[in-house]
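Q: Below is one structure. I have some questions about it.
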Amino acid sequence: MKSKFLKGFAVKSLILASALAFVNCDDSSSPAAPADPIVVPDTPADPSAPVTDPSIDPSIPMDPANPLPVDPANPVDTTPGPVDDNCLSSSVPCTPGAENPTDPTVGPTTPVNPTDPAVDPTVPVSSSSEVPVVSSSSEKAPEPESSSSVVEVPKGIFLANDKDENKDYMEVEYIERTGWDGAGILSYPKRLSETQKHGVVVWGPGGGTPPGDYPGMIKRLASHGFVVIALKESPGNGNQAKSALDWLEKKNGTPGDPLYQKLDMTKVGASGHSMGGLESEQILIKDKRVITAILNNSGDWGGNGAAQVPTGMGKTIALVYGEVGSENTNAINDYNNTGVKVPACLIEMRGNNYGHGSGPWDGQAATVAWMRWHLGGEDFRKADFVGTSGKYIDGPIYTWQGAKGNWNGKCKNF
């Protein structure tokens, strides 16, 4: 009985030992079970583990702020954030506004050189090899920008690209009942430049004529890029023009105003018809902000206006008159005064019975071209006025009816 018990115990022990041996054998010969692809945040990392987690699928986009796989169905918002200050000091090229300039699968202290040809971003990183790390000795220093890649800020005031002074171009704002006295007109391009300032033109109406009678001239100048302020009236002493310029200068310095920091108050011209011409001549004489004037059908009564324009300040003047206009004698005498020392031009409109109202209507092109030359710096226009064969020396006058008559001009002191 005792021997049977011992024998039975031995058999059971043998069976139990065999079972344990079978289990140990199976455990050691079978492949390891794959790790959980989602790392539990509070599980401490194994310091002996490789840098790259082989359980992370490199084809799944990574969240730079938390290097875990991102569910494609719920992608991380990749809208660029503010510029990282690290971009300013890091030796690794990074895009301003990028949240992390390093490879998120490597870690924030192991940058990858995106320019290294050995790193192919389209090939997934193998779990058996580490992501190549570029040493500081092999990293290329960023090459300086070539001069051709630098965007240069345009020089001078803004002008319409189209240069034909006989045409209107840009859409304009045309605001009535405004100005320093609430009775003027303000006009300027609807799309003001973001990179250049705009030149300013003061327009003076004829005696007893409201500014609204000159929409063609006002809009033509504005469509070429100028900010135009038309006066309520023209007393002929420059006072109205000065008040208008002071008003514009205030708008130019007022945050929130549409003209805030849009005006170049060193590039100011004056023009006007009849009494408005006298107003423009006087503001040229008295105000250092005004560097040029072109009088339409006007001229100093005593022939002593242009002679008072101060020299040494880069100022210029032109007088346009009609062949049968009542102003022609004044214009001629004003120009011919031997005291005129600044560059000056005298331009006649003839061949179509041009009278006292010819300048602001059929003669608009001369005023636009003059302002583009003297305010906008288009020096090629000098040949149109100065010499023996330019447009305004001996060229056709274009009207809405076509070419009607001719310009007859001459200049001095250029």
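Q: Scan the range 368-390 for residues that are in contact (Cβ under 8 Å) with a residue 24 or more places away in the chain and either open to solvent by less than 40 Å² (accessible area, probe 1.4 Å) or outside any loop (DSSP other than H, G, I, E, B) (or both) and jot them down.
A: Those that are in contact (Cβ under 8 Å) with a residue 24 or more places away in the chain and either open to solvent by less than 40 Å² (accessible area, probe 1.4 Å) or outside any loop (DSSP other than H, G, I, E, B) (or both): VAL368, ALA369, TRP370, MET371, ARG372, HIS374, LEU375, GLY376, GLU378, LYS382, PHE385.
Q: In the range 346-367, what count of residues is obtained for those that are farther than 13 Å from SER298 by Cβ and among the hydroxyl-bearing types (Ser, Thr, Tyr)?
A: Count: 1.
Q: Let me ask another. So, LYS242, is that one open to solvent by 70 Å² or more (accessible area, probe 1.4 Å), within 20 Å of TRP361 (Cα to Cα) and either touching a residue at least 12 places away in the same chain (Cβ under 8 Å) or small (Gly, Ala, Ser) (or both) or not? Please lay out each step first, then the result.
A: Details: open to solvent by 70 Å² or more (accessible area, probe 1.4 Å): yes; within 20 Å of TRP361 (Cα to Cα): no; either touching a residue at least 12 places away in the same chain (Cβ under 8 Å) or small (Gly, Ala, Ser) (or both): yes.
So LYS242 does not fit the description; no.
Q: I'd like the full set of residues that are open to solvent by 10 Å² or more (accessible area, probe 1.4 Å), farther than 20 Å from GLY359 by Cβ and not acidic (Asp, Glu), limited to the range 191-231.
A: Hits for the range 191-231 are ARG191, LEU192, SER193, THR195, GLN196, LYS197.
Q: Looking only at the range 155-174, which residues are in contact with a His (Cβ under 8 Å, 6 or more places away or on another chain) and among the aromatic types (Phe, Trp, Tyr)?
A: PHE158, TYR169
Q: Follow-up. Kindly establish whether TYR335 is crowded, with 18+ Cβ neighbours inside 10 Å, in contact with a Cys (Cβ under 9 Å, 6 or more places away or on another chain) and either at pLDDT 95 or above or within 16 Å of CYS411 (Cβ to Cβ) (or both).
A: yes
The values are calculated or read from the model by the stated rules, or taken from the named source; none is laboratory data. All values derive from a computational prediction rather than experimental measurement. For neighbour counting, all protein chains shown are included, and Cβ atoms are generated from backbone atoms with ideal geometry for every residue, glycine included. Surface areas here come from the heavy atoms of the whole protein model, side chains and all, with no ligands, DNA or RNA. Shrake-Rupley method; radii C 1.70, N 1.55, O 1.52, S 1.80 Å.
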